[in-house]
Amino acid sequence: MTRSSAVLLVSLTLATLPWTSSAEPETAAAAAAASVSATRIRADVEFLADDLLEGREAATRGYELAARYAAAALKSAGYAPGADDGSYFQQVPLLQSTPTATSMRLTIDGTTTDIPLPDQAIVAPSAVQPAVDVTAQVVFAGFGVTAPEFGYDDYAGIDVKGKIVALLYNAPPKLPSEPRAHYASADHKLKNAADHGAAAVLTLLGPDDVKRFPWEQLKAAYYGRPALTWLDTDGSPVPSEKRLQAGAYLSPEGSARLFAGAPITFNDAVEAGRRSAPRAIPLKAMLTMRSATSHARVSSPNVVGFLQGSDPSLAATSVVLTAHLDHTGVLPPGTGDRINNGAYDNATGSAILLEVARVLAAGPVRPKRSVVVVLVTAEEKGLLGSDYFAHHPVKVAGRIVANVNLDMPVFLTASTDIVAFGSENSTLGEAVRKAVADVGYTLSPDPMPQENIFVRSDQYSFVKKGVPAVYLMPGFTAKDRAVNGQQVFGGFLASHYHRPSDDLSLPMDLQALERFTRANLAIVQAIANDPVAPAWKPGNFFGKMFAGSN
């Protein structure tokens with residue numbers, strides 16, 4: 001999972017079904033579910049999270065080893081090569097942008113000081129220009145969100161043309177969970193700022209944000225490290241808002257400095273943001289941002305396998321199953337363990353996907369619709385592999401009717417519920433609900449809306465192209481009533497997420513792993529065997545926004 005850290009989780013009170021479900025009828029689906037093997041899944045995890053793969057960072061040797069392994073597994077399971085060139089590898093052309101020099105200088109009331117990098121700010125490398133030098137007044141524009149469906153506009157009544165806009169991280173809490181996630185996304189915020197004529201964007205992290213994204217962790221992950229974008233057929237970088245000259249993140253200390261002499265303090269702005277009522281105002285700050293960036297073209301493959309549907313009338317349509325194969329690689333030189341193995345994020349999701357693929361192909365009857373299995377690259381760089389695939393789907397996929405995504409399922413404890421992000425937006429919801437109930441789970445709502453999970457994993461790439469999608473993760477209602485599931489998951493985020501300690505030494509409940517995989521399998525079977533393709537619910541926010549994009 002991309003871009004997150006420790007999280008304060010909201011409490012849930014949920015009715016739960018007994019751990020052991022009633023006996024299932026002896027159907028082909030039940031027989032297939034019974035063949036799911038936690039031992040095989042764990043074996044895949046142990047290879048993918050081994051130190052040999054050096055954290056599987058996109059466009060590295062370690063990732064290439066993981067991709068070869070996944071392709072071999074799909075071939076062994078009976079999947080045909082899915083890429084348009086007849087291989088298992090859809091090469092994603094990437095632009096690697098490496099910062100070589102950055103600086104930030106602040107002038108208020110005639111006094112000029114440097115904002116220290118990276119202690120108080122991180123300037124992003126440019127994917128468009130080798131050198132950037134922009135000086136402009138800073139204007140605070142709330143969250144930088146324009147959401148007409150909800151009567152909300154941070155830019156109302158303020159002119160930001162040619163200015164540097166300073167924006168609170170996230171989006172107004174009063175917005176519903178998944179629309180809020182959309183409006184908090186970089187896609188929306190950068191485009192919205194450019195549409196209003198801004199020259200550059202500053203993202204301001206407040207006290208609540210650094211609880212989830214510790215500044216020290218952001219420094220290690222992003223300062224001085226290359227950024228990636230994918231390259232379209234004309235060579236232009238995607239995603240990239242070419243109208244903006246620069247971008248940066250500021251720590252709470254750096255953010256507070258911008259508000260010196262202003263009618264409100266940064267703390268006032270943060271508090272107003274908590275009430276979904278930030279007030280956009282010009283600040284006294286003049287800011288100069290400079291950066292130099294070197295560029296190099298690289299590539300990294302999505303691994304694609306294809307299983308032909310058994311129904312001649314449905315085989316030209318497909319269900320796309322995704323999990324990101326990449327992780328964050330090796331930390332900069334220092335002491336101790338530097339390899340971010342990504343055992344849970346996302347070796348486990350990738351291993352579950354491989355197991356589901358095996359079972360689907362080995363069953364007595366193949367699914368009626370075709371199934372395309374995609375282990376995507378560069379999710380950790382901004383959902384790049386899935387975004388590329390969604391823009392350039394492989395030919396064998398035909399018409400894609402749905403996406404089912406897996407990302408960082410954690411089995412430190414067993415849960416009795418599943419969270420299916422996005423399922424309520426379309427008719428996928430009913431298929432998901434029935435499938436998880438058949439395996440003995442309950443279905444829970446988003447337990448952490450402040451984390452914007454819906455836009456931070458690969459299903460969002462398909463949603464933006466008009467494809468109904470669902471992202472599955474174990475819920476927080478623990479099988480053991482003495483265990484607080486949300487605290488267990490929060491502890492993983494705080495101590496292991498995107499750190500070397502997300503490795504094979506962490507415990508894994510294999511019974512919970514197997515049961516979750518069976519639920520995932522049941523969902524895929526339900527969608528792939530339904531003669532009626534999933535559809536957006538009437539009036540749904542994402543359906544109205546993206547349905548015409550497919």
Using a simple spin-label model with points 7 Å from Cα along the Cα→Cβ vector, what separation in nm is obtained for H392 and A533? 2.3 nm
Going toward the positive end of the dipole of segment 52-119, with +1 on Lys and Arg Cβ and -1 on Asp and Glu Cβ, which of A80, A66, L53 do you reach last? A80
With unit charges on the beta carbons (Lys and Arg positive, Asp and Glu negative) and the dipole taken about the Cα centre of the chain, which residue among H295, S426, P226 sits farthest to the positive side? S426
Roughly how many percent of the accessible protein surface of the chain is carbon and sulfur, given a 1.4 Å probe and a whole-percent answer? 54 percent
What is the calculated FRET efficiency for V365 to L504, with r their C-beta to C-beta distance and R₀ = 45 Å, to the nearest 0.05? 0.80
Viscosity 1.567 mPa s, temperature 4 °C, Stokes-Einstein D of segment 355-436 from Kirkwood C-alpha radius, µm²/s: 84 µm²/s
Just how large is the dipole of segment 361-484 about the Cα centre, in debye to the nearest 20, putting +1 at every Lys and Arg Cβ and -1 at every Asp and Glu Cβ? 580 debye
When the label point is put 7 Å from the Cα of E149 along its Cα-to-beta-carbon vector, which residues of segment 164-203 have a backbone N closer than 19 Å? 170-193
Tell me, what is the per residue accessible area of the chain in Å², probe radius 1.4 Å? 37 Å²
Once the mean 1/r over all distinct Cα pairs of segment 412-550 is inverted, what Kirkwood radius in angstroms do you read off? 16.2 Å
For segment 473-550, just the Cα set please: Rg and Dmax, both in angstrom. 18.3, 48
Go through segment 268-377 and name the trypsin sites (Lys or Arg not before Pro) that are in a DSSP coil and have 16 or fewer other Cβ atoms within 10 Å of their Cβ. R275, R279, R338
Kyte-Doolittle mean at least 0.5 and Cα axial length at least 18 Å: DSSP H helices in the chain: 349-362
To the nearest 20 debye, segment 470-534 has a Cα-centred charge dipole, built from +1 on Lys and Arg Cβ and -1 on Asp and Glu Cβ, of 140 debye
Only Lys, Arg (+1) and Asp, Glu (-1) charged, at Cβ; the chain dipole about Cα centre in debye: 720 debye
Any idea what the relative contact order of segment 113-212 is, in percent, if you count C-alpha pairs under 8 Å spaced at least 6 apart? 27 percent
In nm, what is the difference between 0.36 nm times the number of residues separating R481 and Q91 and their Cα-Cα distance? 135.7 nm
Could you sort D446, D530, D154, D84 by their accessible area in this structure, using a 1.4 Å probe and putting the largest first? D84, D530, D446, D154
Grab the alpha carbons of the chain, take their convex hull, and tell me the volume per residue in Å³. 140 Å³
Can I get the semi-axes of segment 251-370's equivalent ellipsoid? Compute them from the C-alpha gyration tensor as square roots of 5 times the eigenvalues, in angstrom, largest first. 49, 24, 17
How high is the relative contact order of the chain, given as a whole-number percent (alpha carbon pairs under 8 Å, six or more residues apart)? 24 percent
Burial-style ranking of 465-478, 112-125, average other-beta-carbon count within 10 Å with highest first, yields 465-478, 112-125
For the chain, what does the helix formula give at 222 nm: sum of -39500 (n - 2.57) over DSSP H segments with n ≥ 4, over the residue count, nearest 500 deg cm²/dmol? -8500 deg cm²/dmol
Probe 1.4 Å, all protein chains in place: accessible area of Y69 in Å², nearest 10? 60 Å²
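The values are calculated or read from the model by the stated rules, or taken from the named source; none is laboratory data. Keep in mind it's a predicted model, so treat the numbers as computed, not measured. Neighbour counts run over all protein chains shown; Cβ positions are idealised from the backbone, glycine included. The protein model used for the area step is the full one, side chains on, heavy atoms only, and it has no ligands, DNA or RNA in it. Shrake-Rupley method; radii C 1.70, N 1.55, O 1.52, S 1.80 Å.
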